[in-house]
Amino acid sequence: MATRQPYAGVPVFGTRCDASYTWCVVARQDAQEVRSPPAPFYVLAQGTATALMQMHAQYPHAYLLLGVLYLQAGLLDDAARELERLRTASPYAPASQKLWYDRQYLRKAQDAAEARQRSERSGGH
């Protein structure tokens, strides 16, 4: 099964790393135009993307570690995927049950990651 990894190349379409954007798809046929709802996304800082790719390559089965790292980076879908893998691999492990079912934990992790990203962008530590 192929897995998606964070992209660590040069941002496309003139985007900058460590910045938020909105994506919208426009389909045109004849004189009609249909737009998708706007979808916000965030381009990771180069160092963060590279570190995540290295950790994923070096520890592909360290689902808890990868899940926490993805949470810290604000990548909730990737974190949820790793935590689901942990739950599947170790269904009775307390950590897998706690992290998967505790939605509040995921929300707090996302809030912390967003605060850290804002702080980094503003030059804070």
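Points worth noting:
- The amide H of residue 19, built 1.01 Å from its N in the peptide plane, has 43 as neighbours under 5 Å, considering only residues 5 or more places off or on other chains.
- Distant alpha-carbon pairs in the stretch 30-102 (separation over 19 angstrom), percent: 44 percent
- Estimated from the Cβ-Cβ distance and a Förster radius of 35 angstrom, the FRET efficiency linking residue 115 and residue 33 is about 0.40.
- You can think of it this way: the chain between residue 50 and residue 95 has 13.6 nm of extra reach, that is 0.36 nm per residue less the Cα-Cα gap.
- Neighbour counting of Cβ atoms within 10 Å sorts the residues 18, 78, fewest neighbours leading, into 18, 78.
FYI, it's all coordinate maths here, none of it is from the lab. Note that the coordinates shown come from a computational prediction; the quantities given were computed from them, not determined experimentally. Cβ coordinates were reconstructed from backbone atoms using ideal geometry, including for glycine residues, and neighbour counts include every protein chain displayed.
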